[in-house]
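Q: Before anything else, here's the structure in question.
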Protein chains: 2
Amino acid sequence: MSPPTPDAPVAVDQLRASVFAALGDVTRLSLVNRLADGQPRSIAQLSEGYPLSRQAITKHLGVLESAGILHRVRSGRQSLYEFDAGPMRDLSSYLEAVSRQWDAALGRLKAYIAENP
Amino acid sequence: MSPPTPDAPVAVDQLRASVFAALGDVTRLSLVNRLADGQPRSIAQLSEGYPLSRQAITKHLGVLESAGILHRVRSGRQSLYEFDAGPMRDLSSYLEAVSRQWDAALGRLKAYIAENP
DNA sequence: GACATAGGCAACCTTTCGGTTGCATAATGA
DNA sequence: TCATTATGCAACCGAAAGGTTGCCTATGTC
């Protein structure tokens, strides 16, 4: 778990950006919230409650799957989607790292001011 | 700090989605990484090192500012951008909440299996 | 005042996104 | 077998994203 540096390998940042982008939509965020209870659901089930066509939901699920947030498992004639916490855990630790970097910088600033009144 | 529920007010989710979306781009992610050291920088400074025009960087900074991740402070003839950790902290706690929900669901599943061998 | 520097504004372009519709196909159940 | 259900595939569409270029304005500097 390397802290974020300006010159970090682009591949890692590219992956992270794709996960962020996948979550950057209210519909997809809502889908993730529903699936985070651990129960896999079919496309038909997931389409209920949205003012969108099944195809639109299918596309959103595809985006989330590409980002690794969901996995698709075929069961008979239906596609079940199940949640994977991995990518979102990675984002969480990344955000924590940035926040810590920020806190440290703030601490140094305060110390500097205290020593140069 | 309410845990994410499927029926959460859309306004909150909309804000979160916009922050996620703002971070869903490698260039913007890189800009954030640079500014997270606490030092405000001008647009000219921030434009260095990218194969993009100054205007492109300006647009990216605008997106980050709209999401509340950066603040703009005019100083003389230059616009300085400074980091604000707030929105990213919110995302972090949101992601943590989802992960905990997931862990709890997994725990219940294991308990169920253990009791029904 | 003359000139260089930093940035804002606006028009324009191409690609991607989010969405729809129509139709084809695979599994199921009566 | 036949109708139904669940999904996949592809074409299409308008709007937004990401980017460029050209020009204008404000602020420093000599």
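Q: State all residues of region B:29-40 that are facing chain A (nearest Cβ under 8 Å) and either under 12 Å from the mean Cα position of the chain (by Cα) or not acidic (Asp, Glu) (or both); if no residue qualifies, say none.
A: B:LEU29, B:SER30, B:VAL32, B:ASN33, B:ARG34, B:ALA36, B:GLY38, B:GLN39
Q: Inspect region A:87-100 for any residue being facing chain B (nearest Cβ under 7 Å) and either in contact with a Pro (Cβ under 8 Å, 6 or more places away or on another chain) or within 13 Å of DNA strand C (Cβ to nearest atom) (or both) and give the result as yes or no.
A: Yes; the residues of region A:87-100 include at least one that is facing chain B (nearest Cβ under 7 Å) and either in contact with a Pro (Cβ under 8 Å, 6 or more places away or on another chain) or within 13 Å of DNA strand C (Cβ to nearest atom) (or both).
Q: Something else: Any residue at all in region B:72-86 that is more than 16 Å from DNA strand D (Cβ to nearest atom) and part of a helix (DSSP H, G or I)?
A: Yes, because at least one residue in region B:72-86 is more than 16 Å from DNA strand D (Cβ to nearest atom) and part of a helix (DSSP H, G or I).
Q: Going by the conditions given, is A:ASP25 away from DNA strand C (no atom under 16 Å from the Cβ) and open to solvent by 30 Å² or more (accessible area, probe 1.4 Å)?
A: No, not satisfied.
Q: Same structure again: Just to be sure, is A:ARG41 within 15 Å of DNA strand C (Cβ to nearest atom), open to solvent by less than 70 Å² (accessible area, probe 1.4 Å) and basic (Lys, Arg)?
A: no
Q: Would you check which residues across region A:36-51 are within 13 Å of DNA strand D (Cβ to nearest atom) and either touching a residue at least 24 places away in the same chain (Cβ under 8 Å) or polar (S, T, N, Q) (or both) and list them?
A: Selection gives A:PRO40, A:ARG41, A:SER42, A:ILE43, A:ALA44, A:GLN45, A:LEU46, A:SER47.
Q: Condition (residue is exposed (fewer than 13 other Cβ atoms within 10 Å of the Cβ), within 11 Å of chain B (Cβ to nearest Cβ), closer than 23 Å to B:LEU91 by Cβ and out of contact with any Phe, Trp or Tyr (no Cβ under 8 Å at 6 or more places or on another chain)) applied to region A:107-114: is it met by at least one residue?
A: The answer is yes; a qualifying residue exists.
Q: Hey, could you check region A:45-72 for residues that are away from DNA strand C (no atom under 12 Å from the Cβ) and surrounded by fewer than 21 Cβ atoms within 10 Å (Cβ to Cβ) and say which is nearest to the other protein chains (Cβ to nearest Cβ)?
A: Here the answer is A:GLY49.
Q: Do you know which residues across region B:73-84 are among the acidic types (Asp, Glu) and within 13 Å of DNA strand C (Cβ to nearest atom)?
A: Correct list: B:GLU82 only.
Q: Right, another one. Suppose we filter region B:86-95 for residues that are without any contact (Cβ under 8 Å) to a residue 60 or more places away in the chain and surrounded by fewer than 17 Cβ atoms within 10 Å (Cβ to Cβ); how many remain?
A: The qualifying residues number 2.
Q: Can I ask one more? For region A:36-59, name all the residues that are touching a helix residue (DSSP H, G or I) at 6+ places or on another chain (Cβ under 8 Å), within 24 Å of B:LEU106 (Cβ to Cβ) and in a helix (DSSP H, G or I).
A: A:ILE43, A:LEU46
The values are calculated or read from the model by the stated rules, or taken from the named source; none is laboratory data. Treat the numbers as computed from the prediction; the structure is a model and nothing was measured. Heads up, the Cβs are rebuilt from the backbone with ideal geometry, glycines too, and the neighbour counts pull from every protein chain shown. Areas reflect the complete protein model, heavy atoms only, side chains present, ligands, DNA and RNA absent. Shrake-Rupley method; radii C 1.70, N 1.55, O 1.52, S 1.80 Å.
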